[in-house]
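The values are calculated or read from the model by the stated rules, or taken from the named source; none is laboratory data. Bear in mind the structure is a predicted one, so any value in this text is a computation, not a measurement. Counting neighbours? That spans all protein chains shown, and the Cβs are built from the backbone with ideal geometry, glycine included.
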Amino acid sequence: MQRTVLIMAGGSGERFWPLSRRTKPKQLLKLVSPDKTMLDEAIERVSPLIAPEHIFIITSEALQPIMRENLPLVPPENIIAEPMKRNTAPCIALGSAYIAERYPALKPHEISVAVLTADHFIENTELFCAAVDSALTHAEKTGNIVTFGVQPSRPATGYGYIEVAVAHEANTTAQNLQALPVESFHEKPSLVAAQEFLRQGRFFWNSGMFFWRLDTIIGGLERHLPDVGLKIKDIRAALKGKTRETPIGAPSGTLPLFNVMPDISIDYGLMERAHHVAVVCVDFGWDDVGSWDALERVHEPDSAGNINVGGSLLLDSKNCIVMNSVGDDVLSVAAIGIENLVIVATKDGILVCPKDRVQDVRRVVTALREQSGEKFV
């Protein structure tokens with residue numbers, strides 16, 4: 001069985017403005033580690049299990065050259081650009097066609113794929129690799145679609161949930177990892193519903209990571225989302241003999257095929273409709289690092305509850321998140337007597353907002369684009 005990895009890395013990460021920009025989105029930021037981008041970390045943590053030569057990255061045309069320059073471990077031809085922005089179902093269709101054509105001597109049932117994310121925090125990488133191995137093994141043997149359900153640590157309303165039939169304790173070690181049948185998927189809940197999910201013990205955060213054989217995903221998309229699935233063979237035909245090349249931009253011939261695909265997520269288009277879906281319930285310390293307030297979940301606070309990245313001066317302040325991305329040897333950032341604020345300073349942008357308004361940072365990006373074009377976004 002040929003194991004591969006498909007990493008989706010085309011997002012814009014607008015909620016991390018002013019640090020994230022159009023050509024430097026969240027996955028290319030050093031939000032968790034001082035010397036590695038989130039995409040670097042995603043590649044490194046799976047590399048002990050699957051070599052980088054079998055790792056494929058789907059990104060945008062704008063980001064492809066930057067990634068090829070900054071990801072020396074991954075072959076440049078494995079960094080593939082989408083012809084246009086769609087959603088995760090068309091993205092996975094492109095990746096599936098590319099992987100199928102890369103290994104033409106193998107049948108689709110002889111290739112398995114781990115679909116991973118480029119911008120998540122995972123604390124226990126050893127357990128993560130063991131869980132990936134377990135999920136792929138189950139998918140390879142059964143033909144099931146497998147996903148990770150993460151043990152919830154709080155009644156989060158920003159994540160989807162996966163329900164299993166009976167209360168289950170998530171695995172915290174590499175032993176006894178098992179795939180359970182999925183009872184149902186649930187969209188992002190209200191706070192009251194999330195609290196009830198937590199109480200019942202049958203609900204896990206939907207991690208957005210998937211594991212399947214290539215024939216399983218192609219067949220599933222053809223059956224449940226034919227407007228996407230039936231285009232895979234056409235995409236593969238357009239890629240024939242070209243997967244070792246390094247074109248600038250999307251592969252030729254893929255734009256008209258993408259143009260007629262619906263803008264739809266793999267969760268809604270397939271996962272919620274498919275049968276034979278299993279979940280490996282895990283507790284390896286996970287966060288999707290979706291907005292500035294996530295930094296207090298992945299960094300240690302000081303004695304006053306502040307997250308201070310980059311050496312800012314905080315006097316009589318508590319429970320704040322402050323990032324000086326320029327560095328205190330170039331820019332001095334100081335705050336006095338503040339609470340529950342986010343302050344981010346870059347060379348050409350400053351953000352100040354309450355922690356409970358970080359989801360509104362996207363509105364800043366929209367307003368700046370209307371006001372100044374692409375200059376500051």
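Would you pick out the residues in segment 156-173 that are out of contact with any Asp or Glu (no Cβ under 7 Å at 6 or more places or on another chain), farther than 22 Å from residue 291 by Cα and part of a loop (DSSP other than H, G, I, E, B)?
Hits for segment 156-173 are 166, 167, 168, 169, 173.
Being under 30 Å from residue 177 (Cβ atoms) and of a type outside the set (Gly, Ala, Ser) narrows it down to one residue among 287, 263, 293; which is it?
287
Take residue 87 and decide whether it is crowded, with 23+ Cβ neighbours inside 10 Å and within 30 Å of residue 141 (Cα to Cα). Show your work before the answer.
On the way: crowded, with 23+ Cβ neighbours inside 10 Å: no; within 30 Å of residue 141 (Cα to Cα): yes.
Answer is no for this residue.
May I ask you to verify whether residue 242 is part of a helix (DSSP H, G or I), of a type outside the set (S, T, N, Q) and assigned by TED's automatic domain parsing to the domain that holds residue 61?
No; evaluated as a whole, the condition is false for this residue.
Just to verify a result, which residue in segment 185-230, among those that are without any contact (Cβ under 8 Å) to a residue 60 or more places away in the chain and small (Gly, Ala, Ser), is surrounded by the most Cβ atoms within 10 Å (Cβ to Cβ)?
Of everything passing the filter in segment 185-230, 194 is surrounded by the most Cβ atoms within 10 Å (Cβ to Cβ).
With respect to residue 323, determine if the residue is farther than 30 Å from residue 183 by Cβ, touching a residue at least 60 places away in the same chain (Cβ under 8 Å) and crowded, with 21+ Cβ neighbours inside 10 Å.
Values: farther than 30 Å from residue 183 by Cβ: yes; touching a residue at least 60 places away in the same chain (Cβ under 8 Å): yes; crowded, with 21+ Cβ neighbours inside 10 Å: yes.
It is true that residue 323 is farther than 30 Å from residue 183 by Cβ, touching a residue at least 60 places away in the same chain (Cβ under 8 Å) and crowded, with 21+ Cβ neighbours inside 10 Å.
Tell me yes or no: at least one residue of segment 253-270 is touching a helix residue (DSSP H, G or I) at 6+ places or on another chain (Cβ under 9 Å), under 22 Å from residue 222 (Cα atoms) and part of a strand (DSSP E or B).
The answer is no, given that none of the residues of segment 253-270 is touching a helix residue (DSSP H, G or I) at 6+ places or on another chain (Cβ under 9 Å), under 22 Å from residue 222 (Cα atoms) and part of a strand (DSSP E or B).
How many of the residues in segment 46-71 are touching a Ser or Thr at 6+ places or on another chain (Cβ under 8 Å), in a helix (DSSP H, G or I) and either of a type in the set (Phe, Trp, Tyr) or within 18 Å of residue 26 (Cα to Cα) (or both)?
Step one: filter segment 46-71 for residues touching a Ser or Thr at 6+ places or on another chain (Cβ under 8 Å), giving 50, 54-56, 62-63, 66-68, 70.
Now restrict to residues that are in a helix (DSSP H, G or I): 54, 66-68, 70.
With the extra rule that they be either of a type in the set (Phe, Trp, Tyr) or within 18 Å of residue 26 (Cα to Cα) (or both), the set shrinks to 66-68, 70.
Selection size over segment 46-71: 4.
Any chance segment 265-274 includes a residue that's of a type in the set (D, E, K, R), surrounded by fewer than 16 Cβ atoms within 10 Å (Cβ to Cβ) and modelled with pLDDT of 95 or more?
no
Are any residues in segment 273-317 touching a His at 6+ places or on another chain (Cβ under 9 Å), in contact (Cβ under 8 Å) with a residue 60 or more places away in the chain, more than 24 Å from residue 344 (Cβ to Cβ) and in a loop (DSSP other than H, G, I, E, B), and if so, which ones?
Listed by number, the list holds a single entry, 274.
Of the residues 326, 330, 322, only one is closer than 23 Å to residue 21 by Cα, outside the structural domain of residue 41 (by TED's automatic domain parsing), of a type in the set (Val, Ile, Thr) and not in a loop (DSSP other than H, G, I, E, B); which?
Residue meeting the stated conditions: 322.
With 316, 348, 329 as the choices, which residue is closer than 17 Å to residue 15 by Cα, surrounded by fewer than 16 Cβ atoms within 10 Å (Cβ to Cβ) and not hydrophobic (A, V, I, L, M, F, W, C)? Before you say what the answer is, go through the steps one by one.
Details: 316 fails: closer than 17 Å to residue 15 by Cα; 329 fails: closer than 17 Å to residue 15 by Cα.
Step by step, each of 316, 348, 329 is checked, and only 348 is closer than 17 Å to residue 15 by Cα, surrounded by fewer than 16 Cβ atoms within 10 Å (Cβ to Cβ) and not hydrophobic (A, V, I, L, M, F, W, C).
Kindly indicate whether any position in segment 134-155 is in the same structural domain as residue 55 (by TED's automatic domain parsing), of a type in the set (Ser, Thr, Tyr) and either closer than 30 Å to residue 251 by Cα or in a strand (DSSP E or B) (or both).
Yes, segment 134-155 contains at least one residue that is in the same structural domain as residue 55 (by TED's automatic domain parsing), of a type in the set (Ser, Thr, Tyr) and either closer than 30 Å to residue 251 by Cα or in a strand (DSSP E or B) (or both).
Which residue, of 147, 137, 117, is under 15 Å from residue 5 (Cα atoms) and without any contact (Cβ under 8 Å) to a residue 24 or more places away in the chain?
137
With the structure loaded, tell me whether residue 73 is without any contact (Cβ under 8 Å) to a residue 40 or more places away in the chain and surrounded by fewer than 22 Cβ atoms within 10 Å (Cβ to Cβ) or whether it fails that test.
Against the criterion (without any contact (Cβ under 8 Å) to a residue 40 or more places away in the chain and surrounded by fewer than 22 Cβ atoms within 10 Å (Cβ to Cβ)), residue 73 qualifies.
Could you count how many residues in segment 1-48 are in contact with a Cys (Cβ under 8 Å, 6 or more places away or on another chain) and among the charged types (D, E, K, R)? Show your work before the answer.
At the first step, the residues of segment 1-48 found to be in contact with a Cys (Cβ under 8 Å, 6 or more places away or on another chain) are 8, 10, 45-46, 48.
Adding the requirement that they be among the charged types (D, E, K, R) leaves 45.
Counting residues in segment 1-48 that are in contact with a Cys (Cβ under 8 Å, 6 or more places away or on another chain) and among the charged types (D, E, K, R) gives 1.
Among (1) in a helix (DSSP H, G or I); (2) over 28 Å from residue 264 (Cβ atoms), there is one condition residue 227 misses while meeting the rest; what is its number?
(2)
Can you name the residue in segment 111-124 that is out of contact with any Phe, Trp or Tyr (no Cβ under 8 Å at 6 or more places or on another chain) and either outside any loop (DSSP other than H, G, I, E, B) or hydroxyl-bearing (Ser, Thr, Tyr) (or both) and, of all such residues, is nearest to residue 62 (Cα to Cα)?
It comes out as 117.
Conditions tested, residue by residue: (1) modelled with pLDDT under 95; (2) surrounded by fewer than 20 Cβ atoms within 10 Å (Cβ to Cβ); (3) hydrophobic (A, V, I, L, M, F, W, C).
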position: 98; (1), (2), (3): no, no, no
position: 103; (1), (2), (3): no, yes, no
position: 107; (1), (2), (3): no, yes, no
position: 112; (1), (2), (3): no, no, no
position: 116; (1), (2), (3): no, no, yes
position: 119; (1), (2), (3): yes, no, no
position: 132; (1), (2), (3): no, no, yes
position: 135; (1), (2), (3): no, no, yes
